[in-house]
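Working notes for the structure below.
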Amino acid sequence: LQRMGLIVISSGERARVSEPSAGTMIGELSGVARYLLARPDGARHFQQARALFEVGVARLAAETATPEDIARLGAALAANKTALENGRGFERTDVAFHFVLAEIPRNPIFTALHTGLSEWLTEQRTTSLKARGAAQAACAAHERIYRAVAARDPQAAAEAMQAHLVEVGEYYWKASD
């Protein structure tokens with residue numbers, strides 16, 4: 001029950017019932033996710049899962065974004081552009097851009113899934129960004145995604161995210177060869 005996030009046990013105290021959260025759910029999957037990533041086709045499988053998830057999130061974000069959401073996404077994009085020449089900073093602002101996008105539909109499962117995917121795919125992101133031009137391409141893709149969300153165009157947002165993730169995959173495989 002503790003591993004499922006249904007109770008909290010502390011030394012010297014009685015067990016307390018807790019409300020399971022999306023974060024708890026994703027935390028439980030971490031061990032399994034790392035095992036699956038280590039398998040021969042693990043990286044490809046996670047890239048497929050990420051694409052399915054993030055393309056849908058981009059579509060929903062374009063459908064549901066408020067002016068405040070668009071402003072936050074714009075600020076995340078600006079931070080990403082500013083960090084373009086700073087490897088770790090760019091990686092951090094890249095994750096932040098995608099997180100803001102995941103927050104827009106206001107579904108806690110989306111933000112928990114994003115956090116889990118980001119943790120599980122850290123090595124992939126670090127590897128893909130080593131390829132020449134990868135950071136610039138990612139920033140340009142973020143710009144296209146932002147514009148589609150700001151225009152409230154779900155189809156364009158989904159297409160921009162799909163193209164971005166295909167490109168990231170190509171950079172990953174190029175850098176890991």
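The values are calculated or read from the model by the stated rules, or taken from the named source; none is laboratory data. Just so you know, these numbers come straight off a predicted model, no measurement behind them. Virtual Cβ from ideal backbone geometry, glycine too; neighbours counted across all protein chains shown. We work out accessible area using only protein heavy atoms, side chains counted, and drop any ligands, DNA or RNA first. Shrake-Rupley method; radii C 1.70, N 1.55, O 1.52, S 1.80 Å.
Observations on the structure shown:
- Of the trypsin sites (Lys or Arg not before Pro) in segment 123-168, those whose Cβ has at most 16 other Cβ within 10 Å and which sit in DSSP loop: K130, R132, R152
- Exposed loop sites were defined as GluC sites (Glu not before Pro) in DSSP loop states (anything but H, G, I, E or B) carrying at most 13 other C-beta atoms within 10 Å; in the chain the longest segment without such a site runs 86-177.
- Whether segment 100-170 is rounded, prolate or oblate, judged on the alpha carbon gyration tensor where a/c under 1.5 counts as rounded: oblate
- Of the residues I70, I109, I145, the one that moves most in a GNM of the chain with alpha-carbon contacts below 10 Å is I109.
- Among S18, S128, S118: highest mean-square fluctuation, GNM of the chain, C-alpha pairs under 10 Å: S18
- Residue-averaged 222 nm ellipticity for the chain, from DSSP H runs of 4+ at -39500 (n - 2.57), nearest 500: -25000 deg cm²/dmol
- Whole-percent carbon and sulfur share, accessible surface of the chain, 1.4 Å: 57 percent
- Correct choice for semi-axes √(5λ) of the Cα gyration tensor in Å that was computed from the model, options (1) 21, 17, 16; (2) 29, 21, 15; (3) 26, 20, 18: (2)
- Among A137, A150, A49, the residue with the largest mean-square fluctuation in a Gaussian network model of the chain, with springs joining Cα atoms closer than 10 Å, is A49.
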